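Here is the structure we will look at, set down as C-alpha cells.
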Amino acid sequence: MLNIQGKDCLVVGAGAVAERKLKKLLAAKAKVRVVSPQATPTIRGWAQQEQVEWVKRTFQADDARGATLIVAATDQAEVNIAVYETVKPQQWINIADRPDLSTFIFPAVLTRGDLQLSISTAGAYPGLAKHLRKKLEREYGLEYGSYLTFLKEVRQQILSLGLNKTETSKLLRMYLDERYVEAAKEGVLDELEQAALEELAILKNKPN
C-alpha cells in the first residue's frame, strides 16, 4: 500500500466512480484536488467542508504538475487518456476501467482498527473483490481491531525481554490464539491483557 498521508493527489472527474476513489484517498489522509465542471452532492459537500479542493472546470495539462498520485475517473475515455498522457515517470496513475494503463489500483479494503485486509482482482472484475470483502466482514468482526491492539502491546513487551530469536518466536506464537478473539468479542479482553502483561513483567524481572 502507498503511504499518501499529506501527499498532493489529483482526481479528474467527480461522478460516482470518482467519489468512491476519493473516499479512499481521504481515508488515507491525502491532500486531494478535484478537477471537474460538475460533482456529486457528496463531493460538493467535501469541498464545502474543505476536505478537498474542487476546481470547477475541465482538465488542463498543468493540473497534474506536482501530484504524487493521479486518478482519472471521468466518463469520457478521451479525457482519461489525456490525463494519462501528462503523467511523469515518478507519478502514480489510476485510470477507471483501464488497468492496463494504471500503475496502481484501488483494492477492496476491510478495516478493523489498524488491521487492513485488501482484496484485488487486478482490475479484471472489481465486483468480485467487493463480494469477497463482504464475506470477510462477516468472518472478521470489529473484535479483530481490539485483538490487534492487544497483540501490539504484548509484542512490545516480549521484544523488551531481550530473549533469543527462538524464545521470542515461541512467546509471540502463544498469543495467536482464538480465545483472545472470543474475549474481545465478549468485551473481556482487557482482563486477559492485564494477566498477560503481568506474566511478561515477571519474566522480565526474573534473574538470569
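The values are calculated or read from the model by the stated rules, or taken from the named source; none is laboratory data. Owing to the predicted nature of the structure, the values given are computational and were not obtained by experimental measurement. All Cβ positions, even for glycine, are placed from backbone atoms using ideal geometry, and neighbour counts span all protein chains on display.
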The lone exception for Val87 - which of (1) buried (at least 17 other Cβ atoms within 10 Å of the Cβ); (2) under 25 Å from Pro41 (Cα atoms); (3) free of Cβ contacts under 8 Å to residues at least 24 places away in the same chain; (4) in the same structural domain as Val17 (by TED's automatic domain parsing) it fails: (2)
Any pair with Cβ under 9 angstrom, 6 or more apart, that starts in segment 54-76 at a residue that is surrounded by 13 or more Cβ atoms within 10 Å (Cβ to Cβ) and ends at one that is among the acidic types (Asp, Glu): Val55/Asp63; Ala67/Asp8; Thr68/Asp8; Leu69/Asp8; Ile70/Asp63; Ala73/Glu19
From Ala18, Ala39, residue being hydrophobic (A, V, I, L, M, F, W, C), closer than 20 Å to Gln76 by Cα, assigned to a loop (DSSP other than H, G, I, E, B) and in contact (Cβ under 8 Å) with a residue 24 or more places away in the chain: Ala39
Flag if Val32 is touching a Cys at 6+ places or on another chain (Cβ under 8 Å) and either without any contact (Cβ under 8 Å) to a residue 12 or more places away in the chain or in a strand (DSSP E or B) (or both): yes
Cβ pairs under 6 Å, 6+ apart, first in segment 184-208 and assigned to a helix (DSSP H, G or I), second modelled with pLDDT of 90 or more and of a type in the set (Asp, Glu): Ala184/Glu143; Lys185/Glu143
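Does segment 91-100 contain at least one residue that is under 20 Å from the mean Cα position of the chain (by Cα), in a helix (DSSP H, G or I) and farther than 30 Å from Tyr147 by Cβ? Spell out how you get there, then give the answer.
Narrowing segment 91-100 to residues under 20 Å from the mean Cα position of the chain (by Cα): 91-96, 99.
If we keep only those that are in a helix (DSSP H, G or I) too, we end up with none.
No, there is no match, as no residue in segment 91-100 is under 20 Å from the mean Cα position of the chain (by Cα), in a helix (DSSP H, G or I) and farther than 30 Å from Tyr147 by Cβ.
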Residue within segment 109-116 that is modelled with pLDDT of 95 or more, closer than 21 Å to Ile4 by Cα and surrounded by 14 or more Cβ atoms within 10 Å (Cβ to Cβ) present: no
